[in-house]
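Reading through the C-alpha coordinates given below for one structure.
The values are calculated or read from the model by the stated rules, or taken from the named source; none is laboratory data. For clarity, every value in this text was computed on a predicted model and none was experimentally measured. We place every Cβ from the backbone using ideal geometry, glycine too, and count neighbours over all the protein chains shown.
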Amino acid sequence: MPKLSKSVTGVVAVGGLSAVVAAGVAVSASGSSGEHHQAGAVAQVVDLKSSGNLKADLDAILADKALAGAKAGVVVREAKSGKVLYTRSAETPVTPASNQKLATTAAAFAILGPKYTFRTSVMSRAARKGQTLRGDVVLKGTGDPTMQAADYDRLAAGLAKKGIRRVSGRLVADDTWFDSQRVAKGWDPTDLPYSYAAQISALTMSPDKDFNAGSVSVDVSPGAEGKPVVVGTTPNVGYMKIDNKAVTGKAGSPSSLSVTRKPGTNVLTVTGSYPVGGSKYTGLYTVNEPELYAAAAFRKSLKAHGIAVTGKTVRGAAPKGSRTLTARTSMPLSKLATPYLKLSNNTIAEILVKAIGHKTRGKGTWAAGLPEVKRNLTRLGLNANHFTLTDGSGLSHSNKATAGQVVALLRAIQRKPWFPTVFNALPVAGQPQPWVGGTLATRMVGTKAAGNVHAKTGTLTGASALSGWVNDPAGTRLTFSIVFNDYKATSTQVRGLQDKIAVRLAGGDAAQKMTIRTVQTGRDGLECSWTGTC
(Lines give C-alpha, C1' and ligand atoms only; values in the text may rest on other atoms or scores of the structure.)
Protein backbone atom coordinates (compact mmCIF):
# COMPACT_ATOMS: atom_id res chain seq x y z
CA MET A 1 0.00 0.00 0.00
CA PRO A 2 1.08 3.57 -0.44
CA LYS A 3 2.58 4.80 2.78
CA LEU A 4 2.63 8.30 4.17
CA SER A 5 4.09 9.50 7.43
CA LYS A 6 1.20 9.48 9.87
CA SER A 7 3.08 11.24 12.63
CA VAL A 8 5.72 13.90 12.87
CA THR A 9 8.96 12.35 11.69
CA GLY A 10 11.21 15.36 11.54
CA VAL A 11 11.80 18.66 9.86
CA VAL A 12 12.70 18.69 6.19
CA ALA A 13 13.58 21.51 3.82
CA VAL A 14 10.91 22.43 1.31
CA GLY A 15 11.58 25.32 -1.02
CA GLY A 16 14.06 26.80 1.43
CA LEU A 17 11.52 26.79 4.27
CA SER A 18 10.95 24.32 7.04
CA ALA A 19 8.20 21.74 6.83
CA VAL A 20 7.10 18.77 8.83
CA VAL A 21 5.79 15.58 7.31
CA ALA A 22 2.74 15.02 9.46
CA ALA A 23 -0.63 13.33 9.15
CA GLY A 24 0.22 12.16 5.66
CA VAL A 25 0.97 15.56 4.19
CA ALA A 26 3.99 17.82 4.00
CA VAL A 27 2.60 21.06 5.36
CA SER A 28 5.11 23.78 4.67
CA ALA A 29 5.26 27.42 5.55
CA SER A 30 5.33 28.12 1.82
CA GLY A 31 1.80 26.78 1.62
CA SER A 32 1.94 23.51 -0.30
CA SER A 33 -1.48 23.33 -1.88
CA GLY A 34 -3.54 20.25 -2.53
CA GLU A 35 -3.96 20.90 -6.25
CA HIS A 36 -1.20 20.80 -8.87
CA HIS A 37 1.37 22.47 -6.60
CA GLN A 38 5.03 21.70 -7.24
CA ALA A 39 6.66 23.14 -4.12
CA GLY A 40 9.55 20.94 -3.18
CA ALA A 41 10.16 19.67 -6.71
CA VAL A 42 13.81 18.94 -7.44
CA ALA A 43 15.04 18.40 -10.98
CA GLN A 44 17.30 15.41 -11.43
CA VAL A 45 19.04 15.12 -14.76
CA VAL A 46 20.37 11.83 -16.05
CA ASP A 47 21.93 10.86 -19.36
CA LEU A 48 21.17 7.96 -21.62
CA LYS A 49 23.49 6.95 -24.42
CA SER A 50 22.05 4.92 -27.24
CA SER A 51 24.01 2.13 -28.88
CA GLY A 52 21.48 1.87 -31.69
CA ASN A 53 20.47 -1.59 -30.51
CA LEU A 54 17.14 -1.48 -28.70
CA LYS A 55 17.59 -4.72 -26.77
CA ALA A 56 21.06 -3.77 -25.61
CA ASP A 57 19.90 -0.29 -24.57
CA LEU A 58 16.87 -1.49 -22.62
CA ASP A 59 18.90 -4.27 -21.01
CA ALA A 60 21.40 -1.63 -19.88
CA ILE A 61 18.65 0.54 -18.37
CA LEU A 62 17.13 -2.42 -16.56
CA ALA A 63 20.55 -3.36 -15.15
CA ASP A 64 20.48 -0.21 -13.03
CA LYS A 65 21.19 -0.91 -9.35
CA ALA A 66 17.90 0.77 -8.43
CA LEU A 67 16.20 -2.42 -9.67
CA ALA A 68 18.44 -4.84 -7.79
CA GLY A 69 16.26 -7.71 -6.59
CA ALA A 70 13.14 -6.21 -8.14
CA LYS A 71 10.60 -7.72 -10.53
CA ALA A 72 10.64 -5.97 -13.89
CA GLY A 73 8.04 -6.78 -16.51
CA VAL A 74 8.71 -4.91 -19.77
CA VAL A 75 7.10 -5.43 -23.18
CA VAL A 76 7.39 -3.30 -26.32
CA ARG A 77 5.46 -4.13 -29.51
CA GLU A 78 4.54 -2.37 -32.71
CA ALA A 79 1.01 -1.18 -32.08
CA LYS A 80 -0.42 -2.14 -35.47
CA SER A 81 1.46 -5.27 -36.50
CA GLY A 82 2.02 -6.63 -33.00
CA LYS A 83 5.67 -7.33 -33.75
CA VAL A 84 7.55 -7.87 -30.49
CA LEU A 85 10.47 -5.48 -30.16
CA TYR A 86 11.43 -6.24 -26.58
CA THR A 87 10.22 -8.51 -23.81
CA ARG A 88 11.31 -9.31 -20.28
CA SER A 89 9.25 -11.28 -17.75
CA ALA A 90 6.23 -10.64 -19.94
CA GLU A 91 3.93 -13.06 -18.13
CA THR A 92 5.19 -12.64 -14.57
CA PRO A 93 2.33 -11.50 -12.28
CA VAL A 94 3.02 -8.05 -10.87
CA THR A 95 1.06 -5.40 -8.97
CA PRO A 96 0.00 -2.90 -11.65
CA ALA A 97 -0.87 0.01 -9.31
CA SER A 98 -3.00 2.51 -11.23
CA ASN A 99 -2.43 0.68 -14.51
CA GLN A 100 -5.41 -1.32 -13.20
CA LYS A 101 -7.50 1.62 -14.44
CA LEU A 102 -6.80 0.54 -18.02
CA ALA A 103 -8.90 -2.60 -17.52
CA THR A 104 -11.60 -0.62 -15.72
CA THR A 105 -11.66 1.97 -18.49
CA ALA A 106 -11.98 -0.64 -21.23
CA ALA A 107 -14.93 -2.23 -19.42
CA ALA A 108 -16.60 1.10 -18.71
CA PHE A 109 -16.50 2.17 -22.35
CA ALA A 110 -17.56 -1.27 -23.59
CA ILE A 111 -20.36 -1.89 -21.08
CA LEU A 112 -21.59 1.55 -20.02
CA GLY A 113 -20.69 3.28 -23.27
CA PRO A 114 -19.09 6.67 -24.03
CA LYS A 115 -22.45 8.43 -23.64
CA TYR A 116 -23.12 7.05 -20.17
CA THR A 117 -24.16 9.68 -17.63
CA PHE A 118 -25.04 9.82 -13.95
CA ARG A 119 -28.31 11.33 -12.73
CA THR A 120 -29.01 13.00 -9.40
CA SER A 121 -32.70 13.52 -8.66
CA VAL A 122 -34.92 15.28 -6.17
CA MET A 123 -37.97 13.09 -5.67
CA SER A 124 -41.06 12.74 -3.52
CA ARG A 125 -44.21 10.67 -3.18
CA ALA A 126 -45.75 13.27 -0.89
CA ALA A 127 -48.83 15.24 -1.84
CA ARG A 128 -48.51 18.97 -2.21
CA LYS A 129 -50.79 21.48 -0.56
CA GLY A 130 -50.11 25.05 -1.55
CA GLN A 131 -46.44 25.75 -0.98
CA THR A 132 -45.99 22.72 1.28
CA LEU A 133 -44.78 19.28 0.33
CA ARG A 134 -46.58 17.14 2.89
CA GLY A 135 -44.04 14.37 3.45
CA ASP A 136 -40.44 13.48 2.72
CA VAL A 137 -38.22 14.90 0.01
CA VAL A 138 -35.64 12.48 -1.38
CA LEU A 139 -32.20 13.26 -2.81
CA LYS A 140 -31.29 10.24 -4.95
CA GLY A 141 -27.87 9.61 -6.48
CA THR A 142 -26.54 7.12 -9.00
CA GLY A 143 -22.84 7.72 -8.37
CA ASP A 144 -22.14 11.08 -9.99
CA PRO A 145 -18.59 12.09 -8.94
CA THR A 146 -18.91 15.51 -10.58
CA MET A 147 -21.54 16.89 -8.20
CA GLN A 148 -20.33 19.97 -6.37
CA ALA A 149 -22.03 22.26 -3.84
CA ALA A 150 -23.11 24.56 -6.67
CA ASP A 151 -24.90 21.68 -8.38
CA TYR A 152 -26.86 20.86 -5.22
CA ASP A 153 -27.69 24.56 -5.01
CA ARG A 154 -29.12 24.46 -8.54
CA LEU A 155 -31.28 21.49 -7.57
CA ALA A 156 -32.58 23.47 -4.61
CA ALA A 157 -33.25 26.44 -6.88
CA GLY A 158 -35.19 24.16 -9.22
CA LEU A 159 -37.40 23.09 -6.34
CA ALA A 160 -37.94 26.70 -5.30
CA LYS A 161 -39.01 27.60 -8.85
CA LYS A 162 -41.86 25.16 -8.46
CA GLY A 163 -43.19 27.28 -5.62
CA ILE A 164 -42.32 24.89 -2.79
CA ARG A 165 -41.46 26.68 0.45
CA ARG A 166 -41.87 23.96 3.06
CA VAL A 167 -41.25 20.22 3.39
CA SER A 168 -43.16 18.82 6.34
CA GLY A 169 -41.26 15.54 6.32
CA ARG A 170 -37.62 14.48 6.29
CA LEU A 171 -34.75 14.93 3.87
CA VAL A 172 -33.89 11.40 2.73
CA ALA A 173 -30.44 10.71 1.29
CA ASP A 174 -30.88 7.82 -1.14
CA ASP A 175 -27.60 6.17 -2.11
CA THR A 176 -29.12 2.71 -2.63
CA TRP A 177 -28.04 2.60 -6.29
CA PHE A 178 -24.80 1.24 -4.80
CA ASP A 179 -24.34 -0.94 -1.74
CA SER A 180 -23.09 0.37 1.60
CA GLN A 181 -19.57 -1.10 1.36
CA ARG A 182 -17.56 2.09 1.34
CA VAL A 183 -13.99 0.87 0.65
CA ALA A 184 -12.62 -2.00 -1.39
CA LYS A 185 -10.87 -5.04 0.00
CA GLY A 186 -7.15 -4.67 0.47
CA TRP A 187 -7.10 -0.93 1.10
CA ASP A 188 -4.82 0.09 3.95
CA PRO A 189 -6.91 1.61 6.78
CA THR A 190 -4.24 4.23 7.38
CA ASP A 191 -4.89 5.64 3.89
CA LEU A 192 -8.59 6.21 4.45
CA PRO A 193 -8.40 9.83 5.71
CA TYR A 194 -6.83 10.94 2.41
CA SER A 195 -8.66 11.89 -0.77
CA TYR A 196 -7.13 9.17 -2.95
CA ALA A 197 -8.92 6.59 -0.72
CA ALA A 198 -12.32 8.24 -0.41
CA GLN A 199 -15.44 6.29 0.56
CA ILE A 200 -17.56 5.19 -2.40
CA SER A 201 -21.22 6.16 -2.39
CA ALA A 202 -23.93 6.59 -5.01
CA LEU A 203 -24.62 10.02 -3.51
CA THR A 204 -21.51 12.10 -3.03
CA MET A 205 -19.94 15.52 -3.53
CA SER A 206 -16.64 16.89 -4.79
CA PRO A 207 -14.95 19.99 -3.36
CA ASP A 208 -13.24 20.83 -6.65
CA LYS A 209 -13.37 20.66 -10.43
CA ASP A 210 -10.95 17.72 -10.42
CA PHE A 211 -13.82 15.70 -8.94
CA ASN A 212 -12.17 14.39 -5.79
CA ALA A 213 -15.58 13.15 -4.67
CA GLY A 214 -16.11 12.21 -1.05
CA SER A 215 -13.50 14.69 0.13
CA VAL A 216 -13.39 18.14 1.69
CA SER A 217 -10.76 20.81 1.18
CA VAL A 218 -9.19 22.07 4.42
CA ASP A 219 -7.66 25.55 4.40
CA VAL A 220 -5.28 26.72 7.13
CA SER A 221 -3.87 30.26 7.45
CA PRO A 222 -1.82 31.84 10.24
CA GLY A 223 -3.52 34.15 12.71
CA ALA A 224 -1.88 36.64 15.02
CA GLU A 225 1.27 35.43 16.76
CA GLY A 226 0.39 33.20 19.71
CA LYS A 227 -3.24 32.96 18.60
CA PRO A 228 -5.02 30.00 16.96
CA VAL A 229 -4.53 29.45 13.26
CA VAL A 230 -7.51 30.11 11.01
CA VAL A 231 -9.13 26.94 9.68
CA GLY A 232 -11.90 26.63 7.10
CA THR A 233 -13.36 24.00 4.79
CA THR A 234 -14.53 24.05 1.19
CA PRO A 235 -17.37 23.50 0.78
CA ASN A 236 -18.53 24.71 4.17
CA VAL A 237 -21.87 22.99 4.63
CA GLY A 238 -21.71 22.36 8.36
CA TYR A 239 -20.93 18.66 7.98
CA MET A 240 -17.32 18.64 9.20
CA LYS A 241 -16.35 19.68 12.72
CA ILE A 242 -13.03 21.43 13.36
CA ASP A 243 -11.01 20.75 16.50
CA ASN A 244 -8.45 23.54 16.19
CA LYS A 245 -5.55 23.11 18.60
CA ALA A 246 -2.91 24.72 16.36
CA VAL A 247 -1.28 28.04 17.20
CA THR A 248 0.42 30.73 15.14
CA GLY A 249 4.17 30.79 15.66
CA LYS A 250 6.73 33.54 15.23
CA ALA A 251 7.56 34.69 11.72
CA GLY A 252 10.19 32.41 10.21
CA SER A 253 9.67 29.67 12.77
CA PRO A 254 9.35 26.08 11.52
CA SER A 255 5.95 24.61 10.79
CA SER A 256 4.75 21.61 12.76
CA LEU A 257 1.20 21.78 11.44
CA SER A 258 -0.76 18.53 11.33
CA VAL A 259 -4.27 17.87 10.04
CA THR A 260 -5.92 14.53 10.81
CA ARG A 261 -9.34 12.90 10.63
CA LYS A 262 -10.02 10.06 12.98
CA PRO A 263 -11.61 7.11 11.11
CA GLY A 264 -15.34 6.79 11.63
CA THR A 265 -15.77 10.46 12.48
CA ASN A 266 -16.11 13.77 10.69
CA VAL A 267 -13.88 15.64 13.13
CA LEU A 268 -10.79 17.29 11.67
CA THR A 269 -8.12 17.88 14.28
CA VAL A 270 -5.56 20.58 13.59
CA THR A 271 -2.46 20.68 15.80
CA GLY A 272 1.04 22.14 15.87
CA SER A 273 2.41 25.55 15.01
CA TYR A 274 2.25 27.58 11.79
CA PRO A 275 4.32 30.76 11.42
CA VAL A 276 3.13 34.31 10.93
CA GLY A 277 3.49 35.13 7.24
CA GLY A 278 3.06 31.55 6.08
CA SER A 279 0.95 31.07 2.95
CA LYS A 280 -2.41 29.38 3.17
CA TYR A 281 -2.16 25.58 3.32
CA THR A 282 -4.79 23.59 1.46
CA GLY A 283 -5.22 19.81 1.70
CA LEU A 284 -7.88 17.27 0.77
CA TYR A 285 -9.33 14.89 3.36
CA THR A 286 -12.08 12.31 3.07
CA VAL A 287 -15.45 12.51 4.77
CA ASN A 288 -17.29 9.75 6.58
CA GLU A 289 -20.62 8.78 4.95
CA PRO A 290 -20.51 10.89 1.75
CA GLU A 291 -24.27 10.62 1.19
CA LEU A 292 -24.95 12.63 4.33
CA TYR A 293 -22.27 15.12 3.27
CA ALA A 294 -24.13 15.67 -0.01
CA ALA A 295 -27.45 15.92 1.83
CA ALA A 296 -25.98 18.56 4.14
CA ALA A 297 -25.06 20.67 1.13
CA PHE A 298 -28.55 20.24 -0.32
CA ARG A 299 -30.25 21.12 2.96
CA LYS A 300 -28.17 24.28 3.28
CA SER A 301 -29.12 25.29 -0.26
CA LEU A 302 -32.81 24.58 0.37
CA LYS A 303 -32.69 26.98 3.30
CA ALA A 304 -30.88 29.60 1.21
CA HIS A 305 -33.66 29.37 -1.38
CA GLY A 306 -36.37 29.79 1.22
CA ILE A 307 -37.37 26.14 1.62
CA ALA A 308 -37.70 24.86 5.18
CA VAL A 309 -37.38 21.14 5.86
CA THR A 310 -39.10 20.22 9.12
CA GLY A 311 -37.73 16.71 9.60
CA LYS A 312 -34.25 15.33 10.08
CA THR A 313 -31.82 14.16 7.44
CA VAL A 314 -31.81 10.36 7.19
CA ARG A 315 -30.37 7.72 4.89
CA GLY A 316 -32.98 5.66 3.04
CA ALA A 317 -34.57 4.71 -0.26
CA ALA A 318 -37.07 6.65 -2.30
CA PRO A 319 -40.45 4.97 -1.83
CA LYS A 320 -42.18 3.36 -4.78
CA GLY A 321 -44.30 5.81 -6.68
CA SER A 322 -41.94 8.72 -6.05
CA ARG A 323 -41.98 11.32 -8.79
CA THR A 324 -39.00 13.38 -9.96
CA LEU A 325 -39.31 17.07 -9.09
CA THR A 326 -35.99 18.21 -10.53
CA ALA A 327 -32.77 16.51 -11.61
CA ARG A 328 -29.24 17.00 -12.86
CA THR A 329 -27.40 14.88 -15.45
CA SER A 330 -23.61 14.66 -15.45
CA MET A 331 -21.18 15.01 -18.33
CA PRO A 332 -20.87 11.78 -20.36
CA LEU A 333 -18.18 9.20 -19.71
CA SER A 334 -16.36 10.38 -22.84
CA LYS A 335 -15.66 13.71 -21.10
CA LEU A 336 -15.28 12.34 -17.58
CA ALA A 337 -12.46 10.14 -18.89
CA THR A 338 -10.14 13.14 -19.02
CA PRO A 339 -9.98 14.05 -15.31
CA TYR A 340 -10.34 10.37 -14.43
CA LEU A 341 -7.29 9.18 -16.40
CA LYS A 342 -5.17 12.32 -16.49
CA LEU A 343 -5.27 12.62 -12.68
CA SER A 344 -5.57 8.90 -11.88
CA ASN A 345 -8.77 9.46 -9.91
CA ASN A 346 -9.38 6.38 -7.75
CA THR A 347 -12.89 7.36 -6.69
CA ILE A 348 -14.11 7.62 -10.28
CA ALA A 349 -12.60 4.20 -11.05
CA GLU A 350 -14.48 2.54 -8.19
CA ILE A 351 -17.71 4.34 -9.07
CA LEU A 352 -17.41 3.00 -12.62
CA VAL A 353 -16.98 -0.56 -11.33
CA LYS A 354 -20.12 -0.30 -9.21
CA ALA A 355 -22.01 1.35 -12.09
CA ILE A 356 -21.01 -1.61 -14.30
CA GLY A 357 -22.30 -3.99 -11.63
CA HIS A 358 -25.61 -2.15 -11.41
CA LYS A 359 -26.11 -2.13 -15.17
CA THR A 360 -25.19 -5.76 -15.78
CA ARG A 361 -26.44 -7.48 -12.62
CA GLY A 362 -28.68 -4.94 -10.96
CA LYS A 363 -26.27 -4.64 -8.03
CA GLY A 364 -24.00 -1.66 -7.52
CA THR A 365 -21.25 -3.64 -5.81
CA TRP A 366 -17.62 -4.58 -6.34
CA ALA A 367 -18.73 -8.23 -6.26
CA ALA A 368 -21.00 -7.60 -9.25
CA GLY A 369 -18.82 -5.17 -11.18
CA LEU A 370 -15.35 -6.68 -11.02
CA PRO A 371 -16.30 -10.01 -12.67
CA GLU A 372 -17.78 -8.00 -15.55
CA VAL A 373 -14.51 -6.08 -15.90
CA LYS A 374 -12.70 -9.40 -16.09
CA ARG A 375 -15.23 -10.87 -18.51
CA ASN A 376 -14.65 -7.89 -20.79
CA LEU A 377 -10.94 -8.74 -20.88
CA THR A 378 -11.85 -12.18 -22.22
CA ARG A 379 -14.10 -10.61 -24.85
CA LEU A 380 -11.12 -8.53 -25.94
CA GLY A 381 -9.13 -11.72 -26.51
CA LEU A 382 -6.96 -11.54 -23.42
CA ASN A 383 -6.08 -14.27 -20.98
CA ALA A 384 -8.14 -13.01 -18.04
CA ASN A 385 -6.50 -15.58 -15.76
CA HIS A 386 -3.46 -13.31 -15.78
CA PHE A 387 -5.46 -10.61 -14.01
CA THR A 388 -6.48 -10.47 -10.35
CA LEU A 389 -8.98 -7.67 -9.75
CA THR A 390 -9.50 -6.56 -6.16
CA ASP A 391 -10.65 -3.06 -7.04
CA GLY A 392 -11.04 -0.83 -10.06
CA SER A 393 -8.41 1.78 -9.26
CA GLY A 394 -5.32 -0.28 -8.45
CA LEU A 395 -5.03 1.03 -4.90
CA SER A 396 -4.78 -2.48 -3.47
CA HIS A 397 -1.51 -4.42 -3.67
CA SER A 398 -3.49 -7.63 -4.21
CA ASN A 399 -4.32 -6.63 -7.79
CA LYS A 400 -2.20 -8.53 -10.30
CA ALA A 401 -1.52 -8.30 -14.02
CA THR A 402 1.33 -8.99 -16.44
CA ALA A 403 3.16 -6.59 -18.72
CA GLY A 404 2.39 -8.85 -21.66
CA GLN A 405 -1.35 -8.81 -21.06
CA VAL A 406 -1.39 -5.06 -20.42
CA VAL A 407 0.14 -4.53 -23.87
CA ALA A 408 -2.40 -6.99 -25.29
CA LEU A 409 -5.16 -4.91 -23.71
CA LEU A 410 -3.80 -1.70 -25.20
CA ARG A 411 -3.61 -3.26 -28.64
CA ALA A 412 -7.12 -4.70 -28.34
CA ILE A 413 -8.80 -1.39 -27.54
CA GLN A 414 -7.14 0.25 -30.56
CA ARG A 415 -9.84 -1.43 -32.66
CA LYS A 416 -12.69 0.16 -30.70
CA PRO A 417 -14.53 3.26 -31.97
CA TRP A 418 -14.00 4.97 -28.61
CA PHE A 419 -10.23 4.42 -28.64
CA PRO A 420 -9.35 8.01 -29.68
CA THR A 421 -11.23 9.29 -26.63
CA VAL A 422 -9.27 7.05 -24.27
CA PHE A 423 -5.97 7.78 -26.02
CA ASN A 424 -6.46 11.54 -25.66
CA ALA A 425 -7.60 11.17 -22.04
CA LEU A 426 -4.31 9.57 -21.01
CA PRO A 427 -1.51 11.71 -19.51
CA VAL A 428 0.87 13.19 -22.09
CA ALA A 429 4.54 13.39 -21.20
CA GLY A 430 6.05 16.78 -20.48
CA GLN A 431 2.88 18.83 -20.98
CA PRO A 432 2.37 21.23 -18.05
CA GLN A 433 -1.40 21.69 -18.15
CA PRO A 434 -2.96 19.40 -15.49
CA TRP A 435 -5.74 18.19 -17.79
CA VAL A 436 -3.22 17.49 -20.59
CA GLY A 437 -0.05 16.27 -18.95
CA GLY A 438 -1.74 14.97 -15.84
CA THR A 439 0.54 12.63 -13.92
CA LEU A 440 3.16 12.90 -16.69
CA ALA A 441 3.25 16.71 -16.66
CA THR A 442 6.68 16.92 -15.05
CA ARG A 443 8.19 13.84 -16.65
CA MET A 444 10.32 13.59 -19.81
CA VAL A 445 10.21 17.38 -20.19
CA GLY A 446 12.22 18.65 -23.17
CA THR A 447 12.84 15.20 -24.66
CA LYS A 448 11.62 13.45 -27.80
CA ALA A 449 9.06 11.74 -25.60
CA ALA A 450 7.46 15.04 -24.54
CA GLY A 451 4.13 15.50 -26.28
CA ASN A 452 4.62 12.05 -27.79
CA VAL A 453 4.12 9.52 -24.99
CA HIS A 454 0.46 8.92 -24.05
CA ALA A 455 0.51 6.58 -21.08
CA LYS A 456 -1.07 5.58 -17.79
CA THR A 457 1.12 5.91 -14.75
CA GLY A 458 0.89 3.84 -11.60
CA THR A 459 2.57 4.33 -8.24
CA LEU A 460 2.27 2.53 -4.90
CA THR A 461 4.93 1.72 -2.34
CA GLY A 462 7.10 -0.88 -4.06
CA ALA A 463 5.10 -0.81 -7.31
CA SER A 464 5.51 1.52 -10.27
CA ALA A 465 4.12 1.24 -13.79
CA LEU A 466 3.96 3.10 -17.08
CA SER A 467 1.98 1.72 -20.01
CA GLY A 468 0.83 3.33 -23.22
CA TRP A 469 1.92 4.45 -26.67
CA VAL A 470 4.83 6.31 -28.25
CA ASN A 471 5.80 7.05 -31.84
CA ASP A 472 9.35 6.18 -32.89
CA PRO A 473 11.31 8.53 -35.19
CA ALA A 474 9.94 6.78 -38.28
CA GLY A 475 6.39 7.51 -37.14
CA THR A 476 5.63 3.92 -36.18
CA ARG A 477 3.38 3.76 -33.15
CA LEU A 478 4.66 1.45 -30.42
CA THR A 479 2.76 0.17 -27.42
CA PHE A 480 4.60 -0.64 -24.23
CA SER A 481 4.19 -1.66 -20.62
CA ILE A 482 6.81 -1.20 -17.91
CA VAL A 483 5.97 -2.53 -14.44
CA PHE A 484 8.43 -2.63 -11.54
CA ASN A 485 7.70 -4.34 -8.22
CA ASP A 486 9.57 -5.00 -4.98
CA TYR A 487 12.35 -2.50 -5.55
CA LYS A 488 14.30 -0.99 -2.67
CA ALA A 489 14.95 2.34 -4.41
CA THR A 490 12.63 5.34 -4.28
CA SER A 491 9.69 5.66 -6.64
CA THR A 492 11.39 8.71 -8.12
CA GLN A 493 14.41 6.62 -9.08
CA VAL A 494 12.43 3.87 -10.76
CA ARG A 495 10.17 6.37 -12.54
CA GLY A 496 13.39 7.81 -13.97
CA LEU A 497 14.21 4.40 -15.45
CA GLN A 498 10.73 4.18 -16.98
CA ASP A 499 11.32 7.60 -18.49
CA LYS A 500 14.65 6.45 -19.92
CA ILE A 501 12.92 3.57 -21.66
CA ALA A 502 10.15 5.77 -23.06
CA VAL A 503 12.65 8.37 -24.28
CA ARG A 504 14.73 5.63 -25.89
CA LEU A 505 11.65 4.38 -27.72
CA ALA A 506 10.84 7.90 -28.90
CA GLY A 507 14.46 8.56 -29.98
CA GLY A 508 15.10 5.30 -31.72
CA ASP A 509 18.43 4.56 -33.34
CA ALA A 510 18.97 8.23 -34.17
CA ALA A 511 19.33 9.20 -30.50
CA GLN A 512 22.93 9.32 -29.37
CA LYS A 513 22.39 11.16 -26.11
CA MET A 514 19.18 11.93 -24.32
CA THR A 515 18.47 13.89 -21.21
CA ILE A 516 15.38 13.34 -19.11
CA ARG A 517 13.96 15.21 -16.14
CA THR A 518 12.51 13.51 -13.12
CA VAL A 519 10.89 15.30 -10.22
CA GLN A 520 11.24 14.59 -6.52
CA THR A 521 7.75 15.10 -5.11
CA GLY A 522 8.77 14.91 -1.45
CA ARG A 523 6.24 12.14 -0.80
CA ASP A 524 7.41 8.90 -2.30
CA GLY A 525 5.13 6.03 -3.24
CA LEU A 526 2.05 7.94 -4.42
CA GLU A 527 0.75 9.30 -7.71
CA CYS A 528 1.75 12.95 -7.96
CA SER A 529 -1.88 13.95 -8.57
CA TRP A 530 -2.83 12.48 -5.18
CA THR A 531 -0.28 14.69 -3.43
CA GLY A 532 -0.71 17.84 -5.52
CA THR A 533 2.80 17.74 -6.97
CA CYS A 534 2.03 17.62 -10.69
request  = Scan the stretch 127-160 for residues that are in a helix (DSSP H, G or I) and either in contact (Cβ under 8 Å) with a residue 40 or more places away in the chain or acidic (Asp, Glu) (or both) and jot them down.
outcome  = Ala149, Asp151, Tyr152, Asp153, Arg154, Leu155, Ala156, Ala157, Gly158, Leu159, Ala160
message = Taking the condition of being in contact (Cβ under 8 Å) with a residue 60 or more places away in the chain and among the basic types (Lys, Arg), how many residues in the stretch 227-255 meet it?
response = 0
Residues satisfying the stated conditions in the stretch 464-494, i.e. among the β-branched types (Val, Ile, Thr) and surrounded by fewer than 18 Cβ atoms within 10 Å (Cβ to Cβ) = Thr476, Thr490
message = Take the conditions in contact with a helix residue (DSSP H, G or I) (Cβ under 7 Å, 6 or more places away or on another chain), of a type in the set (D, E, K, R), surrounded by fewer than 23 Cβ atoms within 10 Å (Cβ to Cβ) and in the same structural domain as Thr326 (by TED's automatic domain parsing) and apply them to Asp153. Does it pass?
response = yes
note = Reported set for the stretch 151-190 where residues are farther than 15 Å from Met123 by Cα and of a type in the set (A, V, I, L, M, F, W, C) is Phe178, Val183, Ala184, Trp187
task = Only residues that are in contact with a Phe, Trp or Tyr (Cβ under 7 Å, 6 or more places away or on another chain) and either over 14 Å from Val483 (Cβ atoms) or surrounded by fewer than 24 Cβ atoms within 10 Å (Cβ to Cβ) (or both): list them for the stretch 87-110, please.
result = Phe109
message = When you scan the stretch 111-118, do you find a residue that is assigned to a helix (DSSP H, G or I) and buried (at least 22 other Cβ atoms within 10 Å of the Cβ), even just one?
response = no
task = Report whether or not Pro275 is surrounded by fewer than 17 Cβ atoms within 10 Å (Cβ to Cβ) and not polar (S, T, N, Q).
result = no
request  = Would you tally the residues in the stretch 314-367 being in a helix (DSSP H, G or I), within 26 Å of Thr421 (Cα to Cα) and among the small types (Gly, Ala, Ser)?
outcome  = 5
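Here's the yes/no breakdown for (1) surrounded by fewer than 16 Cβ atoms within 10 Å (Cβ to Cβ); (2) at pLDDT 55 or above; (3) outside the structural domain of Gly475 (by TED's automatic domain parsing); (4) under 27 Å from Leu257 (Cβ atoms):
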residue: Val25; (1), (2), (3), (4): no, no, yes, yes
residue: Val45; (1), (2), (3), (4): yes, no, no, no
residue: Ser50; (1), (2), (3), (4): no, yes, no, no
residue: Leu62; (1), (2), (3), (4): no, yes, no, no
residue: Lys65; (1), (2), (3), (4): yes, yes, no, no
residue: Val76; (1), (2), (3), (4): no, yes, no, no
task = Show the residue pairs that are 6+ apart or on different chains and have beta-carbon atoms under 7 Å apart, the first residue being within the stretch 368-389 and assigned by TED's automatic domain parsing to the domain that holds Ala103 and farther than 16 Å from Ile356 by Cα, the second being in a loop (DSSP other than H, G, I, E, B) and among the β-branched types (Val, Ile, Thr).
result = His386/Thr402
ask   = What number of residues in the stretch 164-186 are closer than 30 Å to Thr531 by Cα, surrounded by fewer than 20 Cβ atoms within 10 Å (Cβ to Cβ) and in contact (Cβ under 8 Å) with a residue 12 or more places away in the chain?
value = 5
task = Quick one: Leu302 ticks every box in (1) within 25 Å of Ser221 (Cβ to Cβ); (2) in a helix (DSSP H, G or I); (3) aliphatic (A, V, I, L, M) except a single one, so which number is it?
result = (1)
